[in-house]
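The values are calculated or read from the model by the stated rules, or taken from the named source; none is laboratory data. Note that this is a predicted model, so its numbers are computed, not measured. Cβ atoms come from the backbone with ideal geometry, glycine included; neighbour counts cover every protein chain shown.
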Amino acid sequence: MRGNQAILLISLLYLALLSACTPKPSPTPVATEPTPLEISVYFTDSNRYSAGTPPFEVAVTRYVAPTSSLPEAVLAEFFRGPTEEERAQGLELITSGFTGFSSLRIEDGVAHLYLAGPCASRGATYTIAQPLLANLLPFDEIDFVKIYDSNGETEEPTGPTNSIPFCLEP
């Protein structure tokens, strides 16, 4: 009987040692959502504009997924327009007929912004150009903004200056 107990004890020790050497599965890493980035998006304050009290553009806070191009994220949020709450505060989206943008290229401090849709400024002196400049010029990498219409035209396509499409002239 003693021999059986010894064999049983040795077997149990062997199993204990064997299970201690068996690799345990590592915990599955939990996927984390990237932290949203806070951006400022400028809309036109119709109350300030009506009263003639500049600045007419007011910043609101939006949160976007981290992206390689924050200027594009700002433009996308701009064209989404103000929320219902922001509209109730007098903020509005001035588009001068444009419906969005087709591309944004930044080279040597100059943002080349190509707008989509028909231009319809209707002779206004305040157009989409002012809020677009307010949205893009705060970025360190942008010194000037060239805004192109859907035909790819702007008044000053070259040089260190801001430029708007001919159709936005009053």
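The number of residues in the stretch 43-74 that are of a type in the set (S, T, Y), touching a strand residue (DSSP E or B) at 6+ places or on another chain (Cβ under 8 Å) and closer than 21 Å to E85 by Cβ comes to 4. When the helices (runs of 4 or more DSSP H) confined to the stretch 41-95 are screened for residues that are hydroxyl-bearing (S, T, Y), those reaching at least 1 such residues are found at 46-51. Among (1) farther than 22 Å from L168 by Cα; (2) in contact (Cβ under 8 Å) with a residue 60 or more places away in the chain, which single condition is S96 missing? Result: S96 passes all but (1). Taken as a whole, the structure places S68 among residues that are more than 26 Å from N47 (Cβ to Cβ), exposed (fewer than 14 other Cβ atoms within 10 Å of the Cβ), at pLDDT below 95 and polar (S, T, N, Q). Of all residues in the stretch 46-81, those that are closer than 19 Å to P36 by Cβ and among the acidic types (D, E) total 2. Scanning the stretch 81-102 for residues that are surrounded by fewer than 13 Cβ atoms within 10 Å (Cβ to Cβ) and in contact with a helix residue (DSSP H, G or I) (Cβ under 9 Å, 6 or more places away or on another chain) turns up just one, T99.
With T161, T127, T154 as the choices, which residue is modelled with pLDDT of 95 or more, β-branched (V, I, T) and touching a Lys or Arg at 6+ places or on another chain (Cβ under 7 Å)?
T154
In the set R105, R48, R62, R87, only one residue is modelled with pLDDT of 95 or more, of a type in the set (K, R) and in contact with a His (Cβ under 8 Å, 6 or more places away or on another chain); that residue is R105. Report yes if some residue within the stretch 133-142 is in a loop (DSSP other than H, G, I, E, B) and over 18 Å from the mean Cα position of the chain (by Cα); otherwise report no. Checking the stretch 133-142: not a single residue is in a loop (DSSP other than H, G, I, E, B) and over 18 Å from the mean Cα position of the chain (by Cα). Only residues that are closer than 16 Å to S163 by Cα and either in contact (Cβ under 8 Å) with a residue 60 or more places away in the chain or surrounded by 13 or more Cβ atoms within 10 Å (Cβ to Cβ) (or both) were counted across the stretch 113-128, and they come to 8.
Can you spot a residue in the stretch 118-127 that is more than 26 Å from R48 (Cα to Cα) and not aromatic (F, W, Y)? Yes, because at least one residue in the stretch 118-127 is more than 26 Å from R48 (Cα to Cα) and not aromatic (F, W, Y).
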